Structure formats: C-alpha cells, structure tokens
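Chemist: Below is one structure. I have some questions about it.
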Amino acid sequence: MATRSAGRSGTTRACSIYAPIWVKQYDPGTDAMPLGGGRPSLGGLWMVLGADGQIAAHIQMPPDFAPLLVVGDKVLGLTRDDFDVESLVLFELQR
C-alpha cells in the first residue's frame with residue numbers, strides 16, 4: 001500500500017507505511033445505545049484487515065473492553081468494573 005505525502009519543499013514522495021485495520025462488526029442487539037442512558041457493549045468479535053483488505057484474523061475481545069492501542073501482539077484497552085470505574089488493561093494476543 002503506497003501513499004503520497006508532501007515533503008518540506010512541497011514535493012511529493014512515496015511512503016510505504018502500513019498498519020492493520022481493526023474493525024468491530026456492528027450488532028444492533030448489543031452495540032446500540034440503550035434508551036435512557038447507559039453505554040453500548042464494548043467487547044465482542046473484531047476483525048483485523050491486512051494490507052490487501054482481506055480478513056487476516058478474528059479476535060474475540062472480553063466483555064466491556066475497548067481497545068485503544070495495538071502494538072505487535074499487545075492490545076492496550078479500557079475496561080470498567082461494576083461501579084463504572086475505568087482501568088487500563090494490557091492483553092497479549094495468542095496465535
């Protein structure tokens with residue numbers, strides 16, 4: 001995947017930076033915002049798309065886990081307990 005970016009002199013150069021794209025399939029039964037407040041479900045099945053746009057992996061996230069950053073085989077995310085207290089959690093992906 002190649003993109004173009006402007007250099008300091010205004011010229012363009014080719015870049016070959018690629019990062020996988022993580023996508024969560026929308027499920028209206030669990031992801032829709034509840035009436036009267038609350039929050040949608042965060043966990044669930046995520047798909048990782050490769051450089052060619054094809055599905056490279058399926059990853060099941062724990063309930064109430066929102067991924068924030070993925071680096072290599074590690075996923076940093078936010079989770080909330082029963083009292084709505086937020087915590088950062090680091091998971092290592094198993095292949």
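Rule-based calculations on the coordinates, nothing more; no lab input. For clarity, every value in this text was computed on a predicted model and none was experimentally measured.
Chemist: Quick one: which residues, 5+ away or cross-chain, put their amide H under 5 Å from the amide H of residue 43? H built at 1.01 Å from N.
Modeler: Excluding prolines and chain starts, which carry no amide H, the hits are 64, 65.
Chemist: When the Karplus curve 6.51 cos²θ - 1.76 cosθ + 1.60 is applied with θ = phi - 60°, which whole-Hz ³J(HN,Hα) does each residue of the stretch 61-67 get, with x for Gly and Pro?
Modeler: My calculation for the stretch 61-67 gives 8, x, x, 6, 10, 10, x Hz in order.
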